[in-house]
Amino acid sequence: MARSAPIHVRVTASGLPAHDPLDLYEELRRTHPVDDVFLLENASGTGRDPDRAVVGCGRLLDIRVIAGTRGVTVRLTGEPALVRALLGHAEDLGLRRAATPAPTGSRGSSPS
């Protein structure tokens, strides 16, 4: 498969005073769709409390790995250009598509 052009993503960062990640997460859940809010914590520090956390809202790509009795299914949803790019790589690796891709401009497809 021919490689497509790079997909450009704009990333911005804003400095904030120290906040409790859980408080930020709960506030985002009150003001945004629940499925768009996430909290990632890393508890690799010496104590039981996470030593790092990322709180975010919105997403470019969602990758779900589902183990079932007939094998593993990987579901990709998100920005169409990213989904197409990952589907191309999945096919290069020999994974087969279990469902027809959604029409261009919609969100989703599933290789397995």
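Tabulated values for the structure
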read-out: Using a Förster distance of 22 Å, the FRET efficiency for E41-L16 (Cβ separation, nearest 0.05); value: 0.80
read-out: Segment H32-L95, extension gain: residue separation times 0.36 nm, minus the distance between their alpha carbons; value: 19.2 nm
read-out: Spin-label model distance (nm) - A81 vs L61, 7 Å beyond Cα toward Cβ; value: 1.3 nm
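Readers should treat all values here as calculations from the given coordinates under stated rules, not as data from a laboratory. This structure is a prediction, so every number in the text was calculated from the model and none was measured. Cβ atoms come from the backbone with ideal geometry, glycine included; neighbour counts cover every protein chain shown.
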